Every structure is written in C-alpha cells, then in structure tokens.
Amino acid sequence: MNDWVIETRNLKKIYKMGEVEVRALDGVDLNIERGSIVSIMGPSGSGKSTLMNLLGCLDRPTEGDYILDGVQVSQMNDDQLAAARNHMVGFVFQSFNLLSRQTALANVELPLRYGGITKGRKQKAIEALNSVGLGDRVTHRPTELSGGQQQRVAIARALINDPAIIMADEPTGNLDSKSGKEIMDLILSLNKTRKTTIIIVTHDQSIASQTQRIINLSDGKVVGEEVPA
Amino acid sequence: MNIGQAVIEALESLNANKMRSGLTILGIVIGVAAVIAMLAVGSGAQNTITGSISGLGSNLLFVFRGGNDDVRNPQPLTRGDAEAIADPFQAPSVALVAPYISSNLSVTFSGESINSSINGVTPEYLEVRNYSLLEGDFISEENILGRGSVAVIGVEVADKLFGHRDGLIGETLRIEGQPFRVIGVLTPRGGGAFGSEDNIVVIPFSTAQSRLIRRSSDRVDFILVQVISADLVNQASEEISQILRARHRTDLGADDFQIFSQQDFVATAQSITNVLTIFLGGIAAISLLVGGIGIMNIMLVSVTERTREIGLRKAIGARKRDILVQFLTESSLLSMFGGILGIGLGWSIAYIVGLIAAANNTELIPVVGLDAILLATIFSTAVGLFFGIYPANRAANLQPVEALRHE
Ligand SMILES: Nc1ncnc2c1ncn2[C@@H]1O[C@H](COP(=O)(O)OP(=O)(O)O)[C@@H](O)[C@H]1O
Ligand SMILES: [Mg+2]
C-alpha cells in the first residue's frame, strides 16, 4: 500500500476572461508519495504555477478534489487554507520573497508567529538557520546577504514548521550556476535527511533529472511521467 | 500574532518611512492641536466672562429698556422710574437704586488725550457696584444737586493721563473740552465682561445729562438695583415690574423693559460661549478629518507598495485578520502619535494665547480640561482606525496568488 502525501482527483482550474475560458488546469490526477522529491516540467503557460498554487493551498480548484496529508483541502475556507499553508506547506520562491527590513532570524521566525507559537521561537529559528548553514548570519538583513544565502534563509523559513511538503517554484532561477547548484544540493539533502516531500517546478532538465520523478504538464494536463536514470 | 508583536512590527514599518510617517502624523497633530487650543480658549473665555459677571454680586438686578420683539415703541427708562423703584413703600425688597448713563468721550490733560467710558451716576453707584477708592471721595449728593464739574477716575485713566495714581486730587482734566476737577481715584478692577473697568471716568449723573451725554427727558441707559438680600431677588424683580408696568401703562404681557439678574447674565453668556466653543471646535475638527484622510491616503499607498509582502505573509500562514490588524495598528499608531503631539502643541498654543491676552490686559486663562484631552485622544485614534479600515480591508482581502504575482 502506498503512502500518498498528495492526492488529486480531476483537479481543474478554469479562469473566465469574459467570454473566453482559460483551462489552466484541465483534470489533473496526481499522487505523490510521502518523502519523495518530484519535479514538474512543461512549456510556459502549461499550468505549472497554477498547479503549484493549488498544491500549496494558495488557491482553490474550480473543480476536483485535493487531499493533502489526508486532509481534504478543496473545500476549505480562507482561514483554514491559511492554517494549512502555515502548518503543512513550505514555500520557496524564485525571487526569495524575504521581508527586507527584517533580519534573517525574524524572517525565519515569521511562520511561527502566524502559527500562534509563543515559546522557543528564536531557538527553533536559529536551529533552522543552522541546518541551512547560516548559523553565523542570524542578524543579517536580506540586503546584506548574497542571492544564494537569501534563498537559504527562505528554505529555513519553509522548514521551520516541519511541513508535509515544500513547494519550490524555480528555486534556482534567480541564482548563478554555482549557488544554484548549492541550493539544489541543499534541497536534495533536506529530502534525504529530513524525509520532507519536495516538489520543484523547473525549466531546467539538469535540475529535474536530480529528482526521483518528473511530471510533464502540457495545456493543463499531465501528459507524461519519467523516472530519471 | 499578538498585539505586542503587531505594534513592534508596525513601529518598524513606520520607522522605515520616517518622512512619510512624519508628514502623515503632522496632519493629525495640526488637527488635534487646533481642537485642543480652540476648546481651551473657548472654555477660558467662558470662565473669564462668567467669573466677571459673578463678580457683580448675586443681589444685583439690571433694568433695561425694551421688551421682547413684538413690543413696539418701548418707552425709555427715566430717572423718574429709578426714583419710583427706590420708594421703599412700592418696592420694599429694594435696597439701593442707581441710574446710569454712559458714553465714550475724549478725555485730555495737558496735551495727553484718551478715549474713556464716561459714566453718569448717583452716589449709590459706589455701593451698588462695590467700588472702592484709592484716594479721595466719590460723587456726593451735593455734586448731583449742583451739577458739579467733578470726576472720579479709573487707574488706567490716571496712568495714561498723569503717569501716576496718587496725588491727583484737585487736578483738572477736560472731557470733550470741558474742565472737570478730579475728586477721587478708583481701586483697580481689571478687565471684565464689560470691557476694562479701569478706563472709566465717573461724573455726577446730572452733570453728564445736562452737559455731556444729552439724553432727552431724563433718560437713563439702565438702572442698577441692589436687592436687600440675594434670596429676595425674584420678589424685588416682581416689585420693579409692577412699578414700571404702572408707570409705562403697558398692556398685559407686553412689558417694555427687561430685568436681568446675575444668573440671567451668566446663563446668557454661557450659552453664547458654548456656541462659540462648539463652533471653534467644529472648525478645528474639520482639520482633524483632513488629517484622517491623509492617513487613509498614505495607507492606501503603503498597501499597494507592499502587495507582494502581503502575498508572502499570506503564503506562510497569515490570515485575513492578521493582515487587517497589521495595517490597522499602523494607522492607529500614526493617529495616536499625532494625537499625543497635538495635545502638547494645542496646550502650548492655548498657553501662548493666554500670555498674549495677559499682555493685553485681558484676563483669559485657557483651560485644557481632561475631557478635552480624552476627547482628542479618542477622536484621533478613532480617526486613524476609521480611515485605516478601508486600506486595511483592501490588504486583508488580497488574494495570495494575485498578491505574490504583483511587481
Ligand atoms: N489569474 C489568471 N487569470 C487568467 N488566466 C490565468 C491566470 N493565471 C494563469 N492563467 C492562465 O493559465 C494558464 C497557465 O498559467 P500558469 O500556471 O502560470 O503556467 P506556467 O506556470 O506553466 O507558465 C496560462 O494560459 C495563463 O495565461
Ligand atoms: Mg509559471
């Protein structure tokens, strides 16, 4: 028996632009195994970001079911979705999305604050920063960090609540190849050591090939899967 | 997130845009300062006016000519009326009666010239108005009978014409060119409800009437009546009314005179100054409203600028409520700081107004009441909350996906 952390059934996202319907996702059935690392590929406009948003509980599907870690997400209200994002999902964005006025520590702490955790936040945040190799940059602000370091802070922030999945949308897209490789190594090692399920959206075949499974999207549909050698 | 963290974050964010926050606060500061200063000056003026009226004495009645609006051709009050009121058989509650006429005329002494209030009175006036003398004597019965050219002067007149206040008995000053001999100097009274009570020259009623203030047929401006005791004021008023109704042959319910007690004056003055205070405060409140619109404006800009940040916060678990609280905290803090600084500024303005008034010999002590401070604090914070609601709601209702896509 398989242990799915993500199950989707006939997932659809349809945007109505006046008369025109855009079927950004058009019936996606997808199961992702707990602890695996998966990449999603496809041409621009194929629905990768839309799928990410749905899987990350940022948005609700027009139709279909989404079960995350055994919880039905598709019918949740805004506050329930916010709580789901806080506890079950960690995001890593292409453009880091750190609060520029806050220190690395405060940035990493933020999900704990919204989670209503009052005790031991600082300690947890420092541990998370240690685990991404930034234990000595705790009080730095994003402007005082390199791109690679900023993305590490973002990864520490994604990790802090021990989420069921980490969603990474082009996590190396804004980085030079050297720091891009370091970030990819970090993500892979997190998957290995912490058994966190990781979903990476990428254009880059060399990144996709480091994952266990590649899902190909086209026109809002899953058109193929491959397991890299 | 709890309120403490929300406040700290809001302070950080306001601190990051010092100039902008400062200017927004300034709008509220001006509004609150205006409200505080206006209320302070208004209630200070009220205190001064009611205080000086109260100084008249609670057993005093003023009798004026003229009734309510539908009474046509009211007859003037005359010395005859005054004498009738002074009759102890007709008006047993009346102690003293003092007819009064007055006009502003020029007073000169060896080249110096000023304008003063010339009061034509009888000897009773001294006691009725509670005057006392620095030196010399008041107008006497002989002065009245002989239409004497004598004057009792206030200290302001003494200061301005002679440069000193003593040794003036026997000096001769001129009123409208006519010589008057100084027989007394009044003790200073300060400013009052009826202007400076020190810039006056008191002369015999008969002299004033025949030579300076020519009123036809024994007319007087008003009659001052001292009642035997304060609790007989209503009774005395009734007695006076009866006498005047008979003498003026007025129709029933159509009195052509009015009688005011000290309480009547206080009540009238209070209602006037209340209207004044509300009017001034209202105008000031408009500027507070403008300050509030400034807050709304800047918060809207801030929400637009921070759309991505809002998206990110939502992505990591912020609920609508969290975002709402965050922005409302910022707008309330802006207006609260504005309120506190505004109270300080308004207080200073009121204080300065008091100093200026004092320098101009007007007794006006602005009063910054606790009620005004509370009102300003609550009102300004409410303004911040109210004008913050729309921008904060806008932020809270942003869709995370849209917000994150925002450039
Ligand atoms: N908010 C939206 N409104 C209308 N159409 C949208 C919206 N978001 C995405 N789409 C459309 O949905 C399709 C899939 O978009 P997206 O998921 O962003 O593709 P990808 O990330 O693979 O490039 C595209 O055709 C896009 O134009
Ligand atoms: Mg995309």
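How big is the B/A interface in buried accessible area, both sides summed, 1.4 Å probe, to the nearest 100 Å²?
Approximately 2200 Å² gets buried when B meets A.
Buried by at least 20 Å² relative to the chain on its own: which residues of region A:140-174 qualify, computing accessible area with a 1.4 Å probe on protein heavy atoms?
Those are A:ARG157, which lose 20 Å² or more relative to the chain on its own.
Placing +1 at every Lys and Arg Cβ and -1 at every Asp and Glu Cβ, with all other atoms neutral, what dipole size does chain B have around its Cα centre, in debye to the nearest 20?
My answer is approximately 1840 debye.
Considering only DSSP beta bridges whose two residues both sit in the protein assembly as shown, what percent are antiparallel, to the nearest 5?
70
About the Cα centre of region B:67-255, how large is the charge dipole given +1 on each Lys and Arg Cβ and -1 on each Asp and Glu Cβ? Please answer in debye to the nearest 20.
In total the dipole reaches around 620 debye.
If you fit an axis through the alpha-carbon atoms of helix B:320-359 and take the longest principal axis of the Cα set of chain B, what angle between them do you get, 0 to 90°, nearest 10?
Roughly 20 degrees, rounded to the nearest 10.
Sorted by average packing, counted as other Cβ atoms within 10 angstrom per residue and highest first, what order do B:49-59, A:106-116 take?
A:106-116, B:49-59
Over chain B, with the other protein chains present, what is the accessible area per residue in square angstrom, probe 1.4 angstrom?
Here the per-residue accessible area is 47 Å².
Please compute the alpha carbon radius of gyration of chain A, then divide it by the globular-protein estimate 2.2 N^0.38 Å. Two decimals is fine.
Relative to the rule-of-thumb radius for its length, chain A sits at 1.00.
What residues in region A:100-130 lose 40 Å² or more of accessible surface when the other protein chains are added to their chain alone (1.4 Å probe)?
Residues passing the criterion (a loss of at least 40 Å², heavy atoms only) are A:ARG101, A:GLN102, A:ARG113, A:TYR114.
Any chance you could give the angle, 0 to 90 degrees and rounded to 10, that helix B:370-396 forms with the longest Cα principal axis of chain B?
The angle comes out near 30 degrees.
Sort all Cα-Cα distances of region A:96-229 into consecutive 10 angstrom bins from zero, then give the percent of pairs in each bin up to the one containing the longest distance.
With 10 Å bins starting at 0, P(r) equals 12, 41, 32, 13, 3.
Show me the three semi-axes of the equivalent ellipsoid for the protein assembly as shown, from the C-alpha gyration tensor (sqrt of 5 times each eigenvalue), largest first, rounded to whole Å.
92, 25, 18
In region B:67-255, what % of DSSP beta bridges are antiparallel (nearest 5)?
Looking only at bridges with both residues in region B:67-255, the antiparallel portion is about 75 percent.
Show that you can apply the helix-only estimate: for chain B, add -39,500 (n - 2.57) for every DSSP H stretch of four or more residues, divide by all residues, and state [θ] at 222 nm to the nearest 500.
The helix-only estimate for chain B comes to -18500 deg cm²/dmol at 222 nm.
How many Å³ per residue does the convex hull of the Cα positions in region A:17-87 occupy?
So the per-residue hull volume is 115 Å³.
What average number of partner chain Cβ atoms lie no more than 10 Å from the Cβ of the residues making up A:78-87?
Averaged over the peptide's residues, the number is 5.
Could you work out what % of the accessible surface of the protein assembly as shown is carbon and sulfur, using a 1.4 angstrom probe and leaving DNA, RNA and ligands out of the count?
Roughly 54 percent, rounded to a whole number.
In peptide B:398-406, what is the residue-averaged number of other protein chain Cβ atoms found within 10 Å of each Cβ?
4
Which values of log₁₀ I(q)/I(0), to two decimal places, follow from the Debye formula for region B:1-130 at q = 0.09, 0.15, 0.18, 0.22 Å⁻¹ with a uniform point scatterer at every Cα?
So the normalised log intensities are -0.60, -1.04, -1.17, -1.28.
Using a simple spin-label model with points 7 Å from Cα along the Cα→Cβ vector, what separation in nm is obtained for A:THR118 and B:GLN5?
Placing both labels 7 Å beyond Cα along the Cβ direction yields 1.1 nm.
For region A:134-174, count all C-alpha to C-alpha pairs, find those more than 12 Å apart, and express that count as a whole percent of the total.
Roughly 63 percent, rounded to a whole number.
Computed over the Cα atoms of region B:67-255, what is the convex hull's projected area averaged over all directions, in nm²?
So the Cα hull casts an average projection of 11.6 nm².
Quick one: helix A:78-88 against the long Cα principal axis of chain A, what's the angle to the nearest 10°, folded into 0 to 90?
Taking Cα atoms only, the helix is inclined about 60 degrees.
Once R0 is set to 22 Å, what does the formula 1/(1 + (r/R0)^6) return for the Cβ-Cβ distance between B:SER106 and B:GLU363, expressed as a FRET efficiency to the nearest 0.05?
0.25
Say a paramagnetic label sat at a point 7 Å from the Cα of B:GLU305, along Cα to Cβ; which residues of region B:9-50 have their backbone N under 17 Å from it?
B:9-27
I need the per residue convex hull volume for chain B, using only the alpha carbons, in cubic angstrom as a whole number.
202
Return the loop-located trypsin sites (Lys or Arg not before Pro) in region B:216-320 (DSSP other than H, G, I, E, B) with at most 10 other Cβ atoms within 10 Å of their own Cβ; answer none if there are none.
Here the trypsin sites (Lys or Arg not before Pro) that fit, given the DSSP loop and packing criteria, are B:ARG249.
Of B:SER116, B:TYR351, A:GLN102, which is farthest towards the positive pole of the protein assembly as shown's charge dipole, taken about the Cα centre with +1 and -1 on the beta-carbons of Lys, Arg and Asp, Glu respectively?
About the Cα centre, the residue reaching furthest to the positive side is A:GLN102.
The values are calculated or read from the model by the stated rules, or taken from the named source; none is laboratory data. Nothing here was measured: the structure is a model prediction, and the numbers come from that model. Virtual Cβ from ideal backbone geometry, glycine too; neighbours counted across all protein chains shown. When the accessible area is computed, the model is the full protein with side chains, heavy atoms only, and any ligands, DNA or RNA have been set aside. Shrake-Rupley method; radii C 1.70, N 1.55, O 1.52, S 1.80 Å.
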